[in-house]
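Take a look at the structure set out below.
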Amino acid sequence: MSDALHYLDATELTGLLGRREVSAREVVQAHLDRIEQVGSELNAIVTLDPEGALAAAGEADDRLAGGCPVPPLHGLPIAFKDTHLTRGMRTTFGSPLFADHVPDEDELVVERLQRAGAIRLGKTNVPEFAAGSHTFNPVFGTTRNPYDTSRSAGGSSGGAAAALAAGLQPLADGSDMGGSLRNPASFCNVVGLRPTPGRVPRHPGDILWDTLTVPGPMARTVADAALLLSAMAGPDPRCPLSLETPGEAFRVPLDSELNGLRIAWSPDLGELAPADPDVLAVLEPQLSVLEGLGCRIEAACPDLTGADEAFRTLRAHAFDLAFGALLDSEPAALKPSLAENIEQGRRLTPADLVSATANRSRLYLRTLDFFARYDLLLTPVSQVTPFDAELEYPQQVAGRPVETYLDWMRSAYLISVLGVPALSVPAGFTPGGLPVGMQFIGPPRADLAVLQAGHAYERATGYGRRRPVLAPA
């Protein structure tokens, strides 16, 4: 059985583990074996603790044998994103400044997942300080796409997505400001959910009122993502924006009828985010799948006037707050695009911040009006397919030159600023075998409805079951 364990769904593994048909040590060892076979080809997991993982798995087996209750993630191995603090294990943020940094506390999301029974394997690769949607840094190098190792795995949760797709772990944590959960999910044919802000609280942190960056789950199926969300979500008094709904609310069957669901389809978000033709060639035929499930689909898009300005302004301000001191003390140690973002934040005036805040408020109210008419919005997750991993970012989108490393991510970051849940689900492949994801977007706090719709579409198509072909080391 161990040869197949690394590609079993997390929900299936939890059943096997709970019935003691397989041990946590066997599950962890199967994933360690898989990492040994193909991990070097991908550079997805950059810190690994096999001895610690096997010891923790043995302790989990002993607790189960002793009659202790089975937590929801019992025995499931996970490598945490290398921007999430892990007590006693290095957290580098992809920066040489933190190459040997070993935190003395766990980030809240790490604490919750381990408390829910997950077994810590190690850490997954990220761009430097998670800036950008292509995973490379001077500490560990570039993460490769399992479907074509010459291509990008996306980012910033690129190591997490590649590790999932290749069977190195069954679940993955991530975070998303401008698409960092959704873009790598699309590039690697897995599932990534950007939850409603506050659904998964953040701690520790210096910007407690930030709603642009949210932690969230990644998995190979929507049901597995919901399982992981159930362990991540729930209120915490240290996070003033955290929502009161307990995580257990997402540990439910996702089967739901979509008959009569009102869906808006926007291939370019009102011409603000044009996509390459090969992306649309994959996605547009998928609308008939949803119509076959009883959905009513119309071409429509919310009014996103001011969304680009709001996102870029608030992002630059957040980067200045988070990394400004590093730019002052170690300017040569930051990649140029990150340094420029910090400098942009420093050039902002009070009037710029007022304008961005007012724009975002108007956007939110227009979004509520839009979702009074539609249950879901569908868009491309990414405007491009996975690009050459040697580039920092694609040089053109839909025939137009790209001026900054953010330009090609509008289809994701314009949604971030709305404060709504957005789910990337595998939606097919280009003729060359590159994955493409569909973005399911719902009204604020409708995370469960978005998961249910994505689950129904996933079951009707099965694109996520197509595995990459990797040569054993």
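Structural remarks
- Subset of region 448-470 [of a type outside the set (S, T, N, Q) and out of contact with any helix residue (DSSP H, G or I) (no Cβ under 7 Å at 6 or more places or on another chain)]: Ala449, Val450, Ala453, Ala456, Arg459, Gly462, Tyr463, Arg465, Arg466, Arg467, Val469
- For region 316-332, a tally of residues being surrounded by fewer than 16 Cβ atoms within 10 Å (Cβ to Cβ) and in a helix (DSSP H, G or I) returns 7.
- If only residues of region 274-309 that are among the hydrophobic types (A, V, I, L, M, F, W, C) and under 22 Å from the mean Cα position of the chain (by Cα) are counted, the one that is nearest to Ala372 (Cα to Cα) is Ala307.
- Residue in region 62-80 that is open to solvent by less than 40 Å² (accessible area, probe 1.4 Å), in a helix (DSSP H, G or I) and either touching a helix residue (DSSP H, G or I) at 6+ places or on another chain (Cβ under 6 Å) or closer than 25 Å to Leu229 by Cβ (or both) present: yes
- Subset of region 367-402 [crowded, with 17+ Cβ neighbours inside 10 Å, of a type outside the set (A, V, I, L, M, F, W, C) and under 29 Å from Ala456 (Cα atoms)]: Thr367, Tyr374, Asp375, Thr379, Pro380, Ser382, Gln383, Thr385, Pro386
- Residue list for region 5-34, restricted to those being open to solvent by 40 Å² or more (accessible area, probe 1.4 Å) and either touching a Lys or Arg at 6+ places or on another chain (Cβ under 7 Å) or under 20 Å from Pro50 (Cβ atoms) (or both): Tyr7, Arg25, Glu26, Gln29, Asp33
- Filter result for Gly94 (closer than 22 Å to Phe323 by Cβ, in a loop (DSSP other than H, G, I, E, B) and modelled with pLDDT under 95): no
- Any hit, region 135-145, residues being in contact with a Cys (Cβ under 9 Å, 6 or more places away or on another chain) and not small (Gly, Ala, Ser): yes
- Taking region 134-145 as the range and being closer than 13 Å to Asp388 by Cα and of a type outside the set (Lys, Arg) as the test, the residues that pass are His134, Thr135, Phe136, Thr142, Thr143, Asn145.
- Residues satisfying the stated conditions in region 409-463, i.e. more than 22 Å from Ala398 (Cβ to Cβ), open to solvent by less than 10 Å² (accessible area, probe 1.4 Å) and in a helix (DSSP H, G or I): Asp447, Val450, Leu451, Ala453, Gly454, Tyr457
- Region 81-97, subset polar (S, T, N, Q) and in contact (Cβ under 8 Å) with a residue 60 or more places away in the chain, residue least open to solvent (accessible area, probe 1.4 Å): Ser95
- Scanning region 333-366 for residues that are part of a helix (DSSP H, G or I), open to solvent by less than 50 Å² (accessible area, probe 1.4 Å) and under 30 Å from Phe136 (Cβ atoms) turns up Ala333, Ser337, Leu338, Ala339, Asn341, Ile342, Gly345, Ala356.
- Filtered by the rule that a residue be of a type in the set (Lys, Arg) and part of a helix (DSSP H, G or I), region 6-52 gives Arg25, Arg34.
- Contacts under 6 angstrom Cβ, first residue in region 389-416 being within 23 Å of Thr367 (Cβ to Cβ), partner at pLDDT 95 or above and in a helix (DSSP H, G or I), 6 or more apart: Ala412/Arg182; Ala412/Asn183; Tyr413/Phe311; Leu414/Ala307
- Enumerated helices (runs of 4 or more DSSP H) restricted to region 105-203, each holding at least 1 residues that are of a type in the set (Val, Ile, Thr) and surrounded by 24 or more Cβ atoms within 10 Å (Cβ to Cβ): 108-115
- Residues of region 178-187 include none that is more than 23 Å from Phe440 (Cβ to Cβ), modelled with pLDDT of 95 or more, under 16 Å from the mean Cα position of the chain (by Cα) and not charged (D, E, K, R).
- Just one of the listed residues (Thr313, Thr379) is modelled with pLDDT of 95 or more and either over 22 Å from Gly179 (Cβ atoms) or part of a helix (DSSP H, G or I) (or both), and it is Thr313.
- Selection status of Ala24, of a type in the set (A, V, I, L, M), on the phi < 0 side of the Ramachandran plot and free of Cβ contacts under 8 Å to residues at least 40 places away in the same chain: no
Table: residues versus (1) among the small types (Gly, Ala, Ser); (2) surrounded by fewer than 16 Cβ atoms within 10 Å (Cβ to Cβ); (3) under 29 Å from Ser230 (Cβ atoms).
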position: Arg262; (1), (2), (3): no, yes, yes
position: Leu280; (1), (2), (3): no, no, no
position: Leu290; (1), (2), (3): no, no, yes
position: Gly294; (1), (2), (3): yes, yes, yes
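- Qualifying residue in region 134-150 (condition: charged (D, E, K, R), under 22 Å from the mean Cα position of the chain (by Cα) and modelled with pLDDT of 95 or more): yes
- Candidate set: region 464-473, residues that are touching a residue at least 24 places away in the same chain (Cβ under 8 Å) and out of contact with any strand residue (DSSP E or B) (no Cβ under 6 Å at 6 or more places or on another chain); chosen: the one most open to solvent (accessible area, probe 1.4 Å): Arg466
- Residues in region 48-61 that are open to solvent by less than 20 Å² (accessible area, probe 1.4 Å) and either at pLDDT below 95 or in contact with a strand residue (DSSP E or B) (Cβ under 9 Å, 6 or more places away or on another chain) (or both) were compared, and the one that is nearest to Ser175 (Cα to Cα) is Ala53.
- Restricting attention to region 299-310, the residues that are outside any loop (DSSP other than H, G, I, E, B) and either touching a residue at least 60 places away in the same chain (Cβ under 8 Å) or under 15 Å from Asp206 (Cα atoms) (or both) add up to 3.
The values are calculated or read from the model by the stated rules, or taken from the named source; none is laboratory data. Because the structure is predicted, anything quoted here is derived from the model rather than measured. Methodologically, a virtual Cβ is constructed for each residue, glycine included, from the backbone with ideal geometry; neighbour enumeration extends over all protein chains shown. The accessibility values were calculated without ligands, DNA or RNA, using every heavy atom of the protein model including side chains. Shrake-Rupley method; radii C 1.70, N 1.55, O 1.52, S 1.80 Å.
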